[in-house]
Amino acid sequence: VMRTSNLRPLSWLIGCSFLIVGWTQGLAAEKAPYYQGKTLTIVINFAAGGPTDIEGRVFGKHLGKHIPGQPSVVVQNMGGGGGITGVKYIGEVPKPDGLTAGYFTGSLFHHQTRDPGLRVDLGKFGFITGVHGVTISYVRADTPPGIKKPADFVKAERFRAAGLSASSSKDVRFRLSFDLLGLKYDYVTGYSSSSTARLAVQRNEAQYHDETLPAYRAAVEPQMVKTGEVTALYYTDLVSPDGEIIVSPDVPELLPFTHYYRQVFGKMPSGIKYEALKAANMSSTNMTRLIMLPPNSPAEAIAILRQAIVSLSKDSDFNADAMKAMRFQPRFEVGEQGERMFQRVSQTPPEIVTFIRQYIDQVNK
């Protein structure tokens, strides 16, 4: 009898334990992935048809399958204000629920230089990733006394450089590079796009311009470099969070600017202009494109999207589409290094910010 009375409570407890475990597992099974059944809207801060739009749409096409729950992904263009309109929208309008993200170009440089038109603090946005985007410099080969190889550039007589605007990161960076190289040049700004500036070089209205890798591979290299019309010089530096120069695997035929300078002069560049150039390259080469969520977005959503980017970067279909549309494989600033890079850029030292602002203002005076 004693054995029977002892076994009944034990059987009851075991049965209850199975019920509790089953109930707990049922609750876990009921918790759907954060993005399941939802739509993620990606806002591109430039108009349809441009490089940012092309890249953003390839990104959007493949991202959903790497997010648990596989949400629908919708791409929306919001151009204007040199890219600032779309950034302000993400910072001020959408509900911070992880369902609206920005795919931005140029925004981190605007933040870095405290552009008064920006109005929102990118440092408070939810950082997902940055996308590398080196820019290739080129000059007409018939620029006196003749630029047949990259090293000849430092011998160039006075030439005209075609730019987009005084506050453009592209223009600021090539002007700083010229100053460090000790070149004599006339800065001609106001071209509406790189394609119009490229046409000016082809017409010999200007002798210098630089372009992002997709445009360089698609138009400049086959139509201008291989024909001998222009000489490719170097590409903008990729800079590690510790300030070291990284060699891009996407442009093996050229040197990054710093290595070019060292090859020509036998020493490293230095001084405030070089520090400003490195800072601008961190925001505009390491993070040419920037993927962000609005301020106060859920930490869970940020973590999910960061992991999705890591998975996306290994997706052969995505990389094949990117190579077809953009002529290179996107490389992302992810993980701890990405976060360190974003923090360093968003907290650029005040003396560098002041210098860059004054450097821009010099053109406008």
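Strictly over 25 Å apart at the Cα level, which of Lys184/Lys267; Lys148/Lys273; Lys61/Lys278 would you flag in this model?
Check vs 25 Å cut-off fails for Lys148/Lys273; Lys61/Lys278.
Let me have the 222 nm mean residue ellipticity of the chain computed from DSSP H runs of 4+ only, each contributing -39500 (n - 2.57), with the sum over all residues rounded to the nearest 500. Can you show the working numbers first?
Numbers: 12 runs with 150 residues, N = 365.
My calculation for the chain gives -13000 deg cm²/dmol from helical runs alone.
Enumerate the residues in segment 102-125 having an amide nitrogen under 15 Å from the point lying 7 Å beyond the Cα of Gln343 toward its Cβ.
123-125
Let me check against my output: what whole-number percent is the relative contact order of the chain, with C-alpha pairs under 8 Å and at least 6 apart? Spell out each step's value before the answer.
On the way: 630 pairs, mean separation 85.9, N = 365.
Reported as a whole number, the value is 24 percent.
Which whole-Hz ³J(HN,Hα) couplings does segment 292-304 yield from phi under the Karplus relation 6.51 cos²θ - 1.76 cosθ + 1.60, θ = phi - 60°, glycine and proline marked x?
Each residue's phi maps through the Karplus curve to give 9, 10, x, x, 6, 5, x, 4, 4, 5, 4, 5, 5 Hz.
I'd like to compare 92-99, 56-63: which one has the highest average count of other Cβ atoms within 10 Å, and what's the full order after that? Before the final figure, lay out the partial values.
Values: 92-99: 15.0, 56-63: 20.5.
So the order, starting with the most tightly packed, is 56-63, 92-99.
Determine which lysines satisfy two conditions relative to Lys124: a Cα distance under 18 Å, and not lying fewer than 8 residues away in the same chain.
Lys124 reaches Lys88, Lys95.
What is the ratio of the Cα radius of gyration of segment 84-210 to 2.2 N^0.38 Å, with N the residue count, to two decimals? Before the final figure, lay out each step's value.
Working: Rg = 18.2 Å, N = 127, 2.2 N^0.38 = 13.9 Å.
Ratio of Cα Rg to 2.2 N^0.38 Å: 1.31.
Quick one: Karplus J couplings for segment 186-195, per residue in order, coefficients 6.51, -1.76, 1.60, θ = phi - 60°, nearest Hz, x for Gly and Pro?
The phi angles translate into 10, 8, 10, 10, x, 5, 6, 7, 5, 5 Hz.
If I compute solvent accessible area with a 1.4 Å probe over the protein chains, what percent of it on the chain is carbon and sulfur? Intermediate values should be presented prior to the final figure.
Working: 9160 of 16720 Å².
Percent of accessible area from carbon and sulfur atoms in the chain: 55.
In whole Å, what is the distance between the alpha-carbon centres of segment 243-319 and segment 91-110?
Centre-to-centre distance over Cα atoms comes out at 19 Å.
So what is Rg over Rh here for the chain, counting just Cα atoms and using Kirkwood for Rh? Walk me through the intermediate numbers first.
On the way: Rg = 25.5 Å, Rh = 22.4 Å.
Across the chain, the Cα-based Rg/Rh ratio is 1.14.
On full extension of the chain, what length is gained from Lys38 through Arg114, given 0.36 nm per residue of separation minus the C-alpha to C-alpha distance? Can you show the working numbers first?
Working: separation 76, 0.36 × 76 = 27.36 nm, distance 3.51 nm.
So the chain would gain 23.8 nm between Lys38 and Arg114.
Hey, if we sort Val74, Val139 by accessible area with the 1.4 Å probe, largest down, what's the order? Don't jump to the answer; show the numbers that get you there.
Numbers: Val74 70, Val139 0 Å².
Largest accessible area first, the residues go Val74, Val139.
How much area per residue is accessible in the chain when the probe is 1.4 Å and only protein heavy atoms are counted (Å²)? Write out the running numbers ahead of the final one.
Numbers: 16720 Å² over 365 residues.
Value returned for the chain: 46 Å² of accessible area per residue.
Which FRET efficiency, nearest 0.05, do Ser240 and Glu205 yield, Cβ-Cβ r, R0 35 Å?
Values: r = 38 Å, r/R0 = 1.09.
Computed FRET efficiency for Ser240 and Glu205 comes out at 0.40.
Please report the antiparallel percentage of DSSP beta bridges with both residues in the chain, rounded to the nearest 5.
Values: 22 of 38 bridges.
Rounded to the nearest five, the antiparallel share is 60 percent.
Quick one: grab Rg to one decimal and Dmax as a whole number for segment 165-277, Cα atoms only, in Å.
Expressed in Å, the Cα Rg and Dmax of segment 165-277 come to 14.4, 42.
Of Asp171, Asp361, Asp242, which has the most accessible area and how do the rest follow, probe 1.4 Å? Mind dumping the intermediate values first?
On the way: Asp171 0, Asp361 60, Asp242 105 Å².
From most accessible down to least: Asp242, Asp361, Asp171.
Quick one: work out the % antiparallel among DSSP beta bridges in segment 117-221, nearest 5.
50 percent
Based on the Cβ-Cβ distance from Arg158 to His259, what FRET efficiency comes out when R0 is 22 Å, to the nearest 0.05?
0.25
Give the peptides 83-91, 330-338 in descending order of average Cβ contacts within 10 Å, highest first.
83-91, 330-338
Any idea how far apart Asp186 and Val353 come out in nm if each label point goes 7 Å out from Cα toward Cβ?
Result for the modelled spin labels: 3.7 nm.
Diagonalise the Cα gyration tensor of segment 243-365 and give the resulting equivalent ellipsoid semi-axes, square root of 5 times each eigenvalue, largest first, whole Å. Could you put the intermediate results ahead of the total?
On the way: eigenvalues 175, 100, 35 Å².
Semi-axes from the Cα gyration tensor: 30, 22, 13 Å.
The values are calculated or read from the model by the stated rules, or taken from the named source; none is laboratory data. Predicted model only: the values in this text are computed from it and were never measured. Please note: Cβ atoms are built from the backbone with ideal geometry, for glycine as well, and neighbour counts cover all protein chains shown. Each accessible area value is taken on the protein alone, full model and side chains, heavy atoms only, with ligands, DNA and RNA left out. Shrake-Rupley method; radii C 1.70, N 1.55, O 1.52, S 1.80 Å.
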